[in-house]
Amino acid sequence: MSEEQAQKLLYQMQTLETYFADLIQKENTLINVLREARSAIESIMSLGEKLESDTLMPIGMGVYIKTKITSNQNVVINMGSGIAMEKNKTNAINYLEHRIKEIETAIKNTAIQKQDVALKLEQGKQEINRLTNASKQKNTT
């Protein structure tokens, strides 16, 4: 194998390592969104336990204002692209559960991609080791 081919292999390995790191970051982000969605469902479900409850609402920069939540209130869900919809609690929970399924699917797909990239990285490392050993044997003879 020529030096040019070895350089190409090393470049491919670096690209795969970068892609693998990106997949790890994507997976971590998806896991955080999943936790947030599950937490939102728990919060919505707990709203119905009391007729009225006091809470703090964040308004930015670590500043909160006191407010009251009544149990019959609807919730507002950010749908994306600057669009928000008001939904009753049941519909909001159903929407979030649907999103959770989508997120879980995305996590599974990302895990599959990670496995594929990890396999390619391992194959690349084996090829580099083979080339290194072949080069050493060639130089000693």
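In table form, for the structure just shown:
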| read-out | value |
| --- | --- |
| Condition broken by Lys50, with the remaining ones in (1) open to solvent by 70 Å² or more (accessible area, probe 1.4 Å); (2) in a helix (DSSP H, G or I) satisfied | (2) |
| Any hit, region 63-78, residues being at pLDDT below 90, farther than 28 Å from Ala106 by Cβ and aliphatic (A, V, I, L, M) | yes |
| Where Val33 falls short, out of the listed (1) of a type in the set (A, V, I, L, M, F, W, C); (2) open to solvent by 70 Å² or more (accessible area, probe 1.4 Å); (3) in contact (Cβ under 8 Å) with a residue 60 or more places away in the chain | (2) |
| Thr15 under 23 Å from the mean Cα position of the chain (by Cα) and hydroxyl-bearing (Ser, Thr, Tyr) | yes |
| Long-range neighbours under 8 Å by Cβ, at least six apart or interchain, first residue under 19 Å from Glu42 (Cβ atoms) within region 66-79, second open to solvent by less than 70 Å² (accessible area, probe 1.4 Å) and of a type in the set (Lys, Arg) | Asn74/Lys87; Asn74/Lys89; Val75/Lys87; Val75/Lys89; Val76/Lys87; Ile77/Lys87 |
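The values are calculated or read from the model by the stated rules, or taken from the named source; none is laboratory data. Because the structure is predicted, anything quoted here is derived from the model rather than measured. Methodologically, a virtual Cβ is constructed for each residue, glycine included, from the backbone with ideal geometry; neighbour enumeration extends over all protein chains shown. Note: areas computed on protein heavy atoms with side chains; ligands, DNA, RNA excluded. Shrake-Rupley method; radii C 1.70, N 1.55, O 1.52, S 1.80 Å.
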